[in-house]
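> Below is the structure I would like to discuss, written out as structure tokens.
Just so it is clear, none of the values below were taken in a lab; they were calculated from the coordinates. Since the structure is predicted, the reported quantities are computational estimates derived from the model, not experimental observations. All Cβ positions, even for glycine, are placed from backbone atoms using ideal geometry, and neighbour counts span all protein chains on display.
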Amino acid sequence: MDVISVATSPIEGQKPGTSGLRKQTRVFMEPGFLENFVQSIFDAVGGLQDKTLTLGGDGRYFNKRAIQTILKMAAANGAVRVLVGQNGILSTPAASAVIRARKTDGGLILSASHNPGGADGDFGLKYNIPAGGPAPESVTEAIHRRSLELTEYRIIETDDVDLSLCGEQQMDRMTVEVIDPVAIYAEVMRGLFDFDAICALIASGFALRFDAMHAVTGPYATAILEGELGAPVGSVMNGTPLPDFGGGHPDPNPVYAKELVDLMMSAEAPDFGAASDGDGDRNMIVGRGTYVTPSDSLAVLAANAHLAPGYKGGLSGVARSMPTSRAADRVAAKLGIAAFETPTGWKFFGNLLDAGKATLCGEESAGTGSDHVREKDGLWAVLLWLNIIAVRRESVADIMKAHWREYGRDYYSRHDYEGIDKEAAEAVTGELRRRLPELPGQRFAGLTVAAADDFAYEDPVDGSISRGQGLRLVFAENARTVLRLSGTGTVGATLRVYLERFEDDPAQMALDPQEALAPVIAAVEEITGLRTRIGRDAPDVRT
Ligand code: VG1
Ligand code: CO
């Protein structure tokens, strides 16, 4: 078969430091765009000669066409085998599980995660390393450098493979192995959790709802929750992956998963509700009448993980991203295990997991996971919660109350200002960055700044340093705020303001979080004047 080298011009494929590339779908569909980025990845990882790859995505618009193109390019670049999820489907955690179980030389995951999909939505692509996790900065920087100098990409001209048929097919000299997207992942889950105990819980009348948001977790949740654990048919809602996610925004939070949250707050609420995002790596946990913040969820999972067979020996450590609340640190201190604070983004957990320094990791953005794969894992978090409930036989609300009584409560909220003017956003953060040294000791809205810095992280395993990871203000009144600009948006800028306040007075533990955080919210406004400066009265999303 002829390998064609197509002349092309460089693209700025990926911002250095970001773990994948997210763009509007239409940009990805421009002639040569996807191809240039894929060739940049192949070149940056030392070529594909005789290598194997894992390939799959979240089923969004352009997923299947992109997969056919990538397969033809992998063949042209000398790969010997590519494992592809049936119909092009692999959730992000399942792709990580496949890379690890089948020891492939990394993989390509097609997703823009929680960003909306469709012809007018977003598309994305990222490379995961052979350990199964997102590429570290050294690799993403190499991909970026390569994208700026690329002059041609390689592809073969051949027919598409049939992605609907499991089994092996040949594409020139390369074998395409279409795999069941759920099987390897489900096997990993069976090894971690007491499926019999969860079955017994559900058989006893415990009712649950899982909202797959028309995204990739539908087939996984249906096979595991309904198929294996006996949840009645219909427990999984919006379970069919759609190219545009049914027009929704597949981000599992109270704003975008409103249907589920409304149900959970109603008189008809089942015992347990959960949702996942576009590519299946995020989770939202809601009990009857009780929304669990992701930061609290990480803390509860850390405190109770030993109740699941996969973690019965305890945890080596817990890691959280810097803007995640400090609730998990309190659990780690009590357990006498290490607590790590990393920059935002799952790639920073990889080294800690590989080195056995941390067992559980989490982010405030609804990502939780463990050393079973190298990605955050939405359904895994749901199963760990169910395993814990199956042992404790308490409601989510009671588990939360008991947790707060024992550790205190970290009130937490994130305010997102989406699609704002980039220059205005950078002016706000730039000015705050310059003022950081002068802030300690000053009072704003009744709170005193105790410390202020721009978070920098030194990786305890490889010593690499990542700077500029978020502006952090700690207040003397046991409160904290963090400001940072999103790295995953595709239009304008998104400013994230993270707010938290610790409360250990049992009489003050049932407040509305926005009320409990009012002084912190006021202090941020007084310090930055951001709402006026970006021209917004209120955040677009509060989680
Ligand atoms: C967001 C989240 C971050 C998460 C990242 C990828 O990044 O805040 O915690 O790791 O998305 O998640 P940013 O730069 O927009 O704040 V996923 O599920 O979209 O891959
Ligand atoms: Co995601």
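> Which one of 497, 441, 457 has its Cα pushed farthest toward the positive end of the charge dipole of the chain, where Lys and Arg give +1 and Asp and Glu give -1 at the Cβ?
441
> On each of the three principal axes of the Cα atoms of the range 114-176, give max minus min coordinate, whole Å, ordered largest first.
Between the extreme Cα coordinates on each principal axis of the range 114-176 lie 35, 30, 28 Å.
> Could you tell me what percent of the DSSP beta bridges with both partners in the chain are antiparallel, to the nearest 5?
Expressed as a percentage, antiparallel bridges in the chain total about 70.
> While we're looking at this one, here's another question. Please give the contour-minus-distance gain from residue 228 to residue 533: 0.36 nm per residue of separation, less the Cα-Cα distance, rounded to one decimal in nm.
Working it through step by step, the gained length comes to 104.5 nm.
> Give me the base-10 log of I(q)/I(0) for the range 185-407 at each q in 0.16, 0.17, 0.18 Å⁻¹, Debye formula, one uniform scatterer per Cα, rounded to two decimals.
For the range 185-407 at q = 0.16, 0.17, 0.18 Å⁻¹, log10 I(q)/I(0) is -1.07, -1.22, -1.38.
> Distance between Cα centroids, the range 313-387 to the range 488-515: provide it in whole Å.
20 Å
> Could you give the nm distance between label points at residue 334 and residue 450, where each point is 7 Å from its Cα heading toward the beta carbon?
2.0 nm
> Also: What per residue convex hull volume, in Å³, comes out for the range 281-406 when only alpha-carbon positions are used?
90 Å³
> Please work out how much length the chain gains when fully extended from residue 4 to residue 477, using 0.36 nm per residue of separation minus the C-alpha to C-alpha distance, in nm with one decimal.
163.9 nm
> Give the dimensionless ratio obtained when the Cα radius of gyration of the range 216-274 is divided by 2.2 N^0.38 Å.
The range 216-274 yields a ratio of 1.17.
> Ranking 405, 146 by Cβ neighbours within 10 Å, fewest first, what do you get?
By the 10 Å Cβ count, ascending, the order reads 405, 146.
> Same structure again: Is the range 336-438 rounded, prolate or oblate when judged by the Cα gyration tensor, a ≥ b ≥ c being the square roots of its eigenvalues, rounded requiring a/c under 1.5 and prolate requiring a/b larger than b/c? Numbers along the way, then the final one.
Values: a/c = 2.08, a/b = 1.62, b/c = 1.28.
In terms of gyration-tensor shape, prolate.
> Quick check on the exposure proxy: order 265, 73 from fewest to most C-beta atoms within 10 angstrom.
265, 73
> Also, quick follow-up: Between residue 204 and residue 102, what is the spin-label point distance in nm, taking each point 7 Å from the Cα along the Cα→C-beta axis?
3.9 nm
> I need the shape label for the range 51-131. Rule: rounded when a/c is under 1.5, else prolate if a/b > b/c, else oblate, with a, b, c from the alpha carbon gyration tensor. Write out the running numbers ahead of the final one.
Working: a/c = 2.21, a/b = 1.43, b/c = 1.55.
Here the range 51-131 falls in the oblate category.
> Could you pull out the GluC sites (Glu not before Pro) across the range 347-424 that fall in loop regions by DSSP (anything but H, G, I, E, B) with no more than 14 other Cβ atoms inside 10 Å?
Passing both the DSSP loop test and the Cβ count: 394.
> Now, a different point. Once you have a ≥ b ≥ c as the square roots of the Cα gyration tensor eigenvalues for the range 3-180, tell me rounded if a/c is under 1.5, and otherwise prolate or oblate according to whether a/b is larger than b/c.
rounded
> Which FRET efficiency value, to the nearest 0.05, do you get for residue 391 and residue 141 by plugging their Cβ-Cβ distance into 1/(1 + (r/R0)^6) with R0 = 35 Å?
0.20
> Under a Cβ-Cβ cut-off of 11 Å, what is the net charge of the residues other than residue 357 that fall near it, where Lys and Arg count +1 and Asp and Glu count -1? It would help to have the intermediate numbers written out before the result.
Working: positive: none; negative: 354, 371, 459.
Value of the local net charge: -3.
> Taking 0.36 nm per residue of sequence separation and subtracting the Cα-Cα distance, how much length would be gained by fully extending the chain between residue 511 and residue 266, in nm to one decimal? If you can, show how the numbers build up before the last one.
Numbers: separation 245, 0.36 × 245 = 88.20 nm, distance 1.95 nm.
Stretched fully, the residue 511-residue 266 segment lengthens by 86.3 nm.
> Along Cα→Cβ, 7 Å out, is where each label goes; now give me the distance between the ones at residue 461 and residue 306 in nm to one decimal.
Label-label distance for residue 461 and residue 306, simple model: 2.5 nm.
> Determine the alpha carbon to alpha carbon distance for each of 347/401; 103/126; 312/376 and list only those over 22 Å.
From the list (347/401; 103/126; 312/376), the Cα-Cα distance tops 22 Å for 347/401.
> Separate question: log10 I(q)/I(0), Debye, Cα-only the range 397-534, no solvent, q = 0.10, 0.21 Å⁻¹?
-0.39, -1.24
> Right, something else. Give me the percent of Cα-Cα pairs in the chain that sit more than 32 Å apart, rounded to a whole number.
For the chain, the share of Cα pairs beyond 32 Å comes to 42 percent.
> Which order results if 251, 196 are arranged by neighbouring Cβ count within 10 Å, fewest first?
196, 251
> Across the range 32-47, in residue order, what do the Karplus-derived ³J(HN,Hα) couplings come to in whole Hz, using 6.51 cos²θ - 1.76 cosθ + 1.60 with θ = phi - 60° and x for Gly and Pro?
Values, residue by residue: x, 5, 4, 4, 4, 5, 5, 5, 4, 5, 4, 5, 5, 9, x, x Hz.
> Within the set of other residues whose C-beta is less than 14 Å from the C-beta of residue 195, count the net charge using Lys and Arg as +1 and Asp and Glu as -1.
-4
> Enumerate the residues in the range 435-467 having an amide nitrogen under 16 Å from the point lying 7 Å beyond the Cα of residue 316 toward its Cβ.
460-463
> What does the charge add up to near residue 113, with Lys and Arg as +1, Asp and Glu as -1, over the other residues with Cβ less than 14 Å from its Cβ?
Combined, the nearby Lys, Arg, Asp and Glu give -2.
> If one computes the Cα centroid of the range 142-184 and of the range 239-295, what distance in Å separates the two points?
Comparing the Cα centres of the range 142-184 and the range 239-295, I get a distance of 33 Å.
> Ordered by packing density, taken as the mean number of other Cβ atoms within 10 Å over each peptide's residues, highest first, how do 186-193, 202-209 rank?
The peptides rank, most packed first, as 186-193, 202-209.
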